[in-house]
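*Asks:* Sharing a structure with you now.
The values are calculated or read from the model by the stated rules, or taken from the named source; none is laboratory data. Just so it is clear, the structure is predicted and the values come from calculations on it, not from any experiment. Using ideal geometry, Cβ is built from the backbone for each residue, glycine included, and neighbour counts are taken over all protein chains shown. The accessibility values were calculated without ligands, DNA or RNA, using every heavy atom of the protein model including side chains. Shrake-Rupley method; radii C 1.70, N 1.55, O 1.52, S 1.80 Å.
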Amino acid sequence: MTVSYTLKVANAKFGGFTKLLFRWKGSIYKLLYREFLVFCLLYSFISILYRCVLNNEQQEVFERLARHCNKFAKLIPMSFVLGFYVTQAFQRWWGQYTSFPLPDNLMMVVSGNVHGTDERGRLLRRTLMRYANLSSVLILRSISTRVRKRFPALEDIVEAGFMTTDELKKLNHLYSDFNKYWMPLAWFANLASQARKEGRVKDDIALRLLMDELNNYRSKCSMLFHYDWISIPLVYTQVVTVAVYSFFMFCLIGRQFVKPEKPDEDKIHLDLYVPIFTLLEFFFYAGWLKVGELIINPFGEDDDDFETNQLIDRNIQVSMLAVDDMHQNIPLLEKDKYWVDKGLSYPSATMKPVFMGSTHDMRILEDDNEEHLPTPKTQMLAINVWPTTHKIKKQKNKSMQQLCLCCRSKCKGESSRLEQSSKSSVPSPLQHHMTIQHVCHDELLGSPETTGQANQEP
């Protein structure tokens, strides 16, 4: 049974997780205590052998061996290997949880689109949902040990009511080398098409909605089968296991309390007999490996594995209630509490300030409100633009491009005319430039393209 402790940690407080350390079911102690006891016994045996059995020469050889093992055991990348492996195992565990086929969406579509309150309508809806649940039972029976023990043979599924005897004969009659969990879903599709011909499904849109939800349900069943078929590569699992076990085999020798190599180290040397920090290291790393072993396949019988039998019972009960007992069985329509009173009333204990946005109460100073806009280097031309549709805006852009070409030609004409008149009176270059700019600006403001054509647009 899945161990749930959500209520225990609903509020963050002092020592919130501490109370979880004293639980046995689903705990790391239950998973690891056998390996932990074996490690402690082996360490104690080697320690007694070193202290009481070996002579002085043998003790010196053992001390050199212990220092050598302790030095090179640190080269094993335990954190990297274990961390990457457990991360991949957790992603796989979460993917299997999200791929579990739940009939909730499908039963809503069946209840709302397969009409008829007579016996034929009830039979259609109940059979459709029974086929969907039968498909999930067949796939879970192939990957979950709990479901396999509950339904060891297909006759047990017939006895449980998920399948009839005639359907079992049809299932056995079709020969296939592969898993036949998809057959009830094919029956579902054919029966939905038959309901469309009978008029129980009103239009093709409703039938398409049924097929879409059916395909989503089928894809989840298929994903569960592929998760069970394709695992994390065996070589990586072997690498992680060998790395952890070999590391602690070296620790059995290398972490022994031996005599110091130099006489000056006698002052700081402590012979504790019990390797406290080595035991903690074993608890963390071996426990980490146990976590990966636990979540790599959540369809077993561990404490934290998925409750597949409970989910099967829930799915069949809820789906039958939705398409049969609750079909067209809705409460009477009544005016709600706020029909007249538009203001929603809340209990005084739950009244809190409403969030209106992070800048709702921001104070703006006068210095911050001043905006310094850069002055344009060239003179801007006043053009009348009306907010119109996208097509009209494109036409206006084209007309404005043509207008600019016309204005350029007019400006060139004015410049040539002024040059001819300059033979009689020669102005200064600055006056000549200002005269041309003024004439062009007047031509633009007074031209029919900028006044009449733009104003004619609706």
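*Asks:* Between Met108, Gln91, Phe39, whose Cα lies farthest towards the positive end of the dipole of the stretch 14-119 when Lys and Arg beta carbons carry +1 and Asp and Glu beta carbons carry -1, centred on the Cα centre?
*Replies:* Phe39
*Asks:* How large, in percent, is the carbon and sulfur part of the accessible surface of the stretch 106-170 at a probe radius of 1.4 Å?
*Replies:* After summing per-atom areas, the C and S share lands at 51 percent.
*Asks:* On to the next question. Please work out how much accessible surface Lys19 shows to a 1.4 Å probe, ignoring ligands, DNA and RNA, in Å² rounded to 10.
*Replies:* 90 Å²
*Asks:* At a Förster distance of 56 Å, what's the computed FRET efficiency of Lys169 paired with Thr6, Cβ-Cβ distance as r, to 0.05?
*Replies:* 0.75
*Asks:* Kindly rank 65-76, 292-303 from highest to lowest mean number of other beta carbons found within 10 Å of each residue.
*Replies:* Going from most to least packed, we get 292-303, 65-76.
*Asks:* Based on the Cβ-Cβ distance of Lys262 and Glu293, what FRET efficiency does E = 1/(1 + (r/R0)^6) give at R0 = 41 Å, to the nearest 0.05?
*Replies:* Efficiency, rounded to the nearest 0.05: 0.45.
*Asks:* Spin-label point model (7 Å from Cα, Cβ direction): what's the Met356 to Arg208 distance in nm?
*Replies:* Spacing of the two 7 Å Cα→Cβ label points: 4.6 nm.
*Asks:* How do 20-28, 109-117, 308-316 rank on mean C-beta neighbours within 10 Å, highest first?
*Replies:* Ranking, from highest mean packing down: 109-117, 308-316, 20-28.
*Asks:* Considering only Cα-Cα distances, which of the following residue pairs are longer than 29 Å: Lys202/Lys335; Lys149/Lys170; Lys13/Lys337; Lys19/Lys220; Lys8/Lys352?
*Replies:* Those over the limit are Lys202/Lys335; Lys13/Lys337; Lys19/Lys220.
*Asks:* Once R0 is set to 35 Å, what does the formula 1/(1 + (r/R0)^6) return for the Cβ-Cβ distance between Thr241 and Asn55, expressed as a FRET efficiency to the nearest 0.05?
*Replies:* So, using R0 = 35 Å, E works out to roughly 0.40.
*Asks:* May I pose another question? Grab the eigenvalues of the alpha-carbon gyration tensor for the stretch 1-80, scale each by 5, take roots, and send me the semi-axes largest first in whole angstrom.
*Replies:* Ellipsoid half-lengths, sorted descending, are 42, 17, 12 Å.
*Asks:* Asp228 versus Lys337, label points 7 Å from Cα toward the beta carbon: distance in nm?
*Replies:* 4.8 nm
*Asks:* Moving to a separate point now. If I model a spin label as a point 7 Å beyond the Cα along the Cα-Cβ vector, how far apart are those points for Glu119 and Thr87 in nm?
*Replies:* With each label point 7 Å from Cα toward Cβ, the separation is 6.2 nm.
*Asks:* Next question. Using a 1.4 angstrom probe, figure out how much accessible area the stretch 189-285 has per residue, in square angstrom, rounded to the nearest whole.
*Replies:* 66 Å²
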